[in-house]
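Heads up, the thing below is written out as structure tokens.
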Amino acid sequence: MRIRTKKTGFVLALGGGGARGLAHIGVLKVLEREGVDIKAITGTSMGAVIGAMYAVYRDAVEVEEIVRKFLSSSFHEKYAKAFFILSEDPDVLHAPEKIARGLGKRFLYVKAASTRAVFSSDILDEAFRHLLPDVRFSDLEVPFACVATDLQTGKEVILDRGRLLPSVIASSSIPGFMDPIRISQHLLVDGSTVSVVPVAAARRLFGGKVLAVEVPMDLERDAPLDTAFEIAMRAAEITGYHLSQTQLSNADVSIHPKVGKFTWANFDKLDEMIRAGEVAAQKTLSSLI
């Protein structure tokens, strides 16, 4: 049985989680296929990226194709090495590879500690232009907003007007890896710091029923804790997990793709992420019939 388009529909709240957020594509494919009415979208971090792409193209398959093309591009190959170095499991590497990855990690740690960011804002801008056109929020096919964190005030900032690209970049700017983005009076970084799953923003801006999608890493696992950076990242994961559970409690419906075994940098697992999103969405929607 298919779910028919409903007049009320859902406002989507797509959570952050780095590469695990690719599962949002699978969720969107199912919602589209089943005729679920998407009234509006809010997103944090990778949820903002995928949500903005859907708001522009209004076609989940097209979003998938654009992401797939970008992940196989020479640009991504050149600048994604840092992410892959941080995400690889050292136990599956041969001795020379372990040494090379270890040196690479140390270089990144030093750079992150001595500069504002590993990646410059110019590189980020070019990367996002592979995914999104430089349009304004008012041009979008689906109402959309994204969430970022103001470093100066510590508050959540909802971005829903003006140019789309800088707002999505701000919502996705991982502190230490990406430059903070200046928009108006705000100095902005990744929205996951304050709103892992932007349920509150979805309800505040658009009202109606909120369907939240959460893509966290498994909390109970053996995580590398050999450096101060890894310990800090682990502590941030724990904080983010508990924050997301509180935020999810305010959603009407929530979908939880099983992507917790992947790291935030496993962009090479696109097919597995999308499939996990499809499975979780189909299971959840079936329970609503």
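The values are calculated or read from the model by the stated rules, or taken from the named source; none is laboratory data. This one's a predicted model, so the numbers in the text were calculated from it and none came from an experiment. Neighbour counts are summed over all protein chains in view; Cβ atoms, including those assigned to glycine, are modelled from backbone coordinates with ideal geometry. The area values use the complete protein model at the heavy-atom level, side chains included, leaving out ligands, DNA and RNA. Shrake-Rupley method; radii C 1.70, N 1.55, O 1.52, S 1.80 Å.
Among the listed pairs K39/K283; K155/K269; K69/K269; K29/K258; K39/K69, which are separated by more than 25 Å between their Cα atoms?
Table pairs above 25 Å Cα-Cα are K155/K269; K39/K69.
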*Quick one: pull the percent of accessible area on the stretch 165-289 belonging to carbon and sulfur, 1.4 Å probe, ligands and nucleic acids left out.*
56
*Using 0.36 nm per residue of separation minus the Cα-Cα distance, give me the extension gain between S74 and D37 in nm, one decimal.*
9.7 nm
_Accessible surface, the stretch 123-247, averaged per residue in Å² (probe 1.4 Å)_ = 47
*Say each of S249 and D125 gets a label point 7 Å from the Cα, pointing the same way as Cα to Cβ; how far apart are those two points in nm?*
4.3
*Out of all DSSP beta bridges with both ends in the stretch 132-232, state the antiparallel percent to the nearest 5.*
90
*Inter-label distance for K258 and R163, nm, one decimal - labels placed 7 Å from Cα along Cα-to-Cβ*: 4.3
